[in-house]
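S.K.: I'd like to ask some things about the structure below.
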Amino acid sequence: MTSINTAIQLMSRQDAERSSARGGTCSPDLARGPWEFDMPGVSNQGPDYGPGASMTDTAPVSTPRQEVLPEEYQRAGEVELEARILAAKEAMGERLVILGHFYQRDEVVKHADFVGDSFQLANAALTRPDAEAIVFCGVHFMAETADILSSPDQTVILPNLAAGCSMADMADADSVADCWEQLEELFGTEPDDAGRQPVIPVTYMNSSAALKAFCGRHGGIVCTSSNAATVLDWAFERGQRVLFFPDQHLGRNTAKAMGVPLERMPMWNPRKVLGGNTEQELLDSQVILWHGFCSVHKRFTVNQIEKARADYPGVRVIVHPECPMPVVDAADEAGSTDYIRKAIAAAEPGSVFAVGTEINMVNRLAAEHPEHTIFCLDPVICPCSTMYRIHPGYLAWVLEGLVAGVVRNQIGVDSDVASDARVALERMLAAKP
Ligand code: SF4
């Protein structure tokens with residue numbers, strides 16, 4: 001069973017010593033198996049996300065409930081599960097491709113044929129049209145995107161159905177539709193003299209297929225943390241303003257770097273009329289930011305950066321743009337997971353990096369680059385609680401199902417939704433910097 005000890009083992013020895021000395025873990029529940037959160041009655045509202053940085057976010061009622069993992073998988077140790085996963089992979093051969101997100105735990109990622117961010121992985125699946133089954137070791141919206149982009153005869157599987165994303169869940173289709181209705185009432189639906197629409201919807205990749213489809217239907221587009229500025233440029237050419245969801249921080253950090261003043265970026269709170277804004281604030285807006293955030297990246301603070309600079313003079317601080325604006329401003333650089341990886345790989349040996357992103361990825365980077373000193377800005381081990389739910393036990397369970405001809409946990413996006421979502425994704429691919 002993966003536990004606090006395993007989490008600590010995943011770290012480089014130097015980093016483990018530093019972290020245990022400084023902060024320990026954010027939850028004793030990290031010692032529990034994720035299946036304990038699937039038990040009926042654990043939550044009246046649906047499954048909890050599990051221990052980790054997003055554990056305090058509310059899982060929506062609509063969150064799919066994962067059936068309780070059979071006991072033989074709960075009881076199996078790491079060695080046994082590894083052997084069973086390898087045997088199932090061998091039996092499936094080329095009929096199977098396993099995708100692993102950067103934030104996934106090592107004992108799962110090591111079985112992946114491709115490791116990357118959500119969009120890299122969706123594209124990686126396209127390079128394997130021969131594979132009947134795509135097992136996505138990530139979270140729900142990622143599996144949906146893979147299903148949208150893969151061919152109809154391929155089956156996408158999420159090993160634990162309750163591995164959602166608390167940020168993606170902060171913008172549901174009904175709330176966005178309600179927001180859109182209010183904006184249409186305020187701005188009208190006619191373009192201005194320059195042919196620009198009143199509002200262009202932009203959704204971050206970390207959103208449900210329904211919201212990607214919403215963007216496809218309303219002249220909007222999808223963005224990733226790598227191409228958010230290019231996508232905003234695309235949207236500003238076509239619209240007087242942008243509605244950006246669900247991550248306020250990526251929207252704010254990107255638009256600010258492009259010169260949009262903060263006072264022209266009101267926030268939309270879906271629980272309030274006009275999102276909690278006056279009509280004038282919305283009329284003056286250039287980017288309307290949805291009230292969403294990533295609980296993992298929200299943990300990073302300016303104090304942590306100051307401490308890293310005090311402890312390691314000359315340290316290079318790189319953070320993800322899902323971090324709050326003061327943290328991005330105080331860092332040396334901000335960029336996507338891919339940017340962070342490349343920056344570290346290109347650095348002179350002996351460099352020191354303080355990184356503001358998910359702990360599994362930071363620990364892996366530290367292990368891959370012993371020539372550098374790399375540590376997580378947050379001294380507390382606090383992984384993404386939704387990624388935590390993909391445990392080798394679930395991976396073995398779905399893989400052995402496939403070998404036996406049983407498809408478990410298939411993620412299927414309705415064909416109308418998929419076709420509208422594809423429009424928004426294709427606009428993103430066509431948008432050039
Ligand atoms: S790290 Fe944040 S944005 Fe990424 S899956 Fe976890 S909760 Fe969602």
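S.K.: Put a dot 7 Å past each Cα toward the Cβ at Met325 and Glu348; how far apart are the dots in nm?
M.R.: Distance between label points: 3.5 nm.
S.K.: Note down the nm distance, to one decimal, between modelled labels 7 Å out along Cα→Cβ at Val380 and at Glu94.
M.R.: Reported label-point gap for Val380 and Glu94 is 5.0 nm.
S.K.: Right, another one. Please list 198-208, 125-135 highest first by mean number of surrounding beta-carbon atoms within 10 Å per residue.
M.R.: Per-residue mean Cβ counts within 10 Å order the peptides as 198-208, 125-135.
S.K.: Could you sort 410-417, 48-55 so that the peptide with the highest average Cβ count within 10 Å comes first and the rest follow in order?
M.R.: Highest mean packing first, the order is 48-55, 410-417.
S.K.: Under 19 Å Cα-Cα from Lys256, which aspartates and glutamates qualify once same-chain neighbours fewer than 8 residues away are excluded?
M.R.: Asp233, Glu237, Asp247, Glu281, Asp284, Glu322, Asp329, Asp332, Glu333
S.K.: Further question: For Ile157, which sequence-distant residues (separation of 5 or more, or a different chain) have an amide H within less than 5 Å of its own amide H, given hydrogens modelled in the peptide plane?
M.R.: Placed amide hydrogens put Ile134, Val135, Phe136, Ile411 under 5 Å from Ile157.
S.K.: Next up: Only Cα pairs under 8 Å and at least 6 apart count here; give the relative contact order of the chain as a rounded whole percent.
M.R.: So the answer I get is 23 percent.
S.K.: Hey, another quick one. Quickly rank 184-191, 271-278 as a protection proxy: mean count of other C-beta atoms within 10 Å, highest first.
M.R.: The most tightly packed comes first, giving 271-278, 184-191.
S.K.: For region 122-135, take each phi angle, set θ = phi - 60°, evaluate the Karplus expression 6.51 cos²θ - 1.76 cosθ + 1.60, and give the result in whole Hz per residue in order, putting x for glycine and proline.
M.R.: Working through the residues one at a time gives 4, 6, 4, 4, 5, 7, 10, x, 6, 7, 6, 10, 10, 9 Hz.
S.K.: Using a/c under 1.5 as the rounded threshold, could you call region 171-292 rounded, prolate or oblate? The axes a ≥ b ≥ c are square roots of the C-alpha gyration tensor eigenvalues, and prolate needs a/b larger than b/c, oblate otherwise.
M.R.: rounded
S.K.: Work out, step by step, the length gained on full extension between Glu333 and Arg196: first 0.36 nm times the residue separation, then minus their alpha carbon distance; give nm to one decimal.
M.R.: Gain on stretching Glu333 to Arg196: 46.0 nm.
S.K.: Further question: Compute the semi-axes of the equivalent ellipsoid of the chain, taking the square root of 5 times each eigenvalue of the Cα gyration tensor, and list them largest first in whole Å.
M.R.: Value: 34, 27, 20 Å, ordered largest first.
S.K.: Give or take rounding to whole Å, what are the principal axis extents of the alpha carbon atoms in region 72-174, in descending order?
M.R.: Principal axes ranked by extent give 44, 31, 21 Å for the Cα atoms.
S.K.: State the extension gain, in nm to one decimal, for the chain segment bounded by Gln182 and Leu283, taking 0.36 nm per residue of separation less the distance between their alpha-carbons.
M.R.: Going from the current span to full extension adds 35.1 nm.
S.K.: With a point put 7 Å past each Cα toward its Cβ, work out how far Thr56 is from Arg309 in nm, to one decimal.
M.R.: Calculated label separation equals 2.7 nm.
S.K.: Sorting Asp332, Asp174 on the 10 Å Cβ count, fewest up front, what's the list?
M.R.: In order of increasing Cβ crowding within 10 Å: Asp174, Asp332.
S.K.: Apply the Karplus curve 6.51 cos²θ - 1.76 cosθ + 1.60, θ = phi - 60°, to the phi angles in region 378-388 and return the couplings in whole Hz, x for Gly and Pro.
M.R.: Running phi through 6.51 cos²θ - 1.76 cosθ + 1.60 with θ = phi - 60° gives 7, x, 9, 6, 9, x, 5, 6, 7, 4, 3 Hz.
S.K.: While we're here: Just want the answer: with Cβ charges of +1 for Lys and Arg and -1 for Asp and Glu, which residue in Ile411, Phe214, Tyr73 is farthest toward the dipole's positive end in the chain?
M.R.: Sorting the options by dipole projection puts first Tyr73.
S.K.: Taking a Cβ-Cβ separation under 4.7 Å as the criterion for a possible partner, which cysteines of the chain have none?
M.R.: Unpaired cysteines in the chain: Cys137, Cys165, Cys179, Cys215, Cys223, Cys294, Cys323, Cys376, Cys384.
S.K.: At q = 0.27 Å⁻¹, what base-10 log of I(q)/I(0) does the Debye formula yield for region 378-433 when every alpha carbon is treated as an equal point scatterer in vacuo?
M.R.: At q = 0.27 Å⁻¹ the computed log10 ratios are -0.99.
S.K.: Okay, next question. Enumerate the amide H contacts of Asp247 below 5 Å, restricted to partners 5 or more residues apart or on another chain; note that Pro and chain-start residues carry no placed amide H.
M.R.: Here Tyr204 satisfy the definition.
Coordinate-derived values only; no laboratory data. What you are looking at is a predicted structure, and each value in this text was computed from that prediction instead of being measured. All Cβ positions, glycine included, derive from the backbone under ideal geometry; neighbour counts span all protein chains shown.
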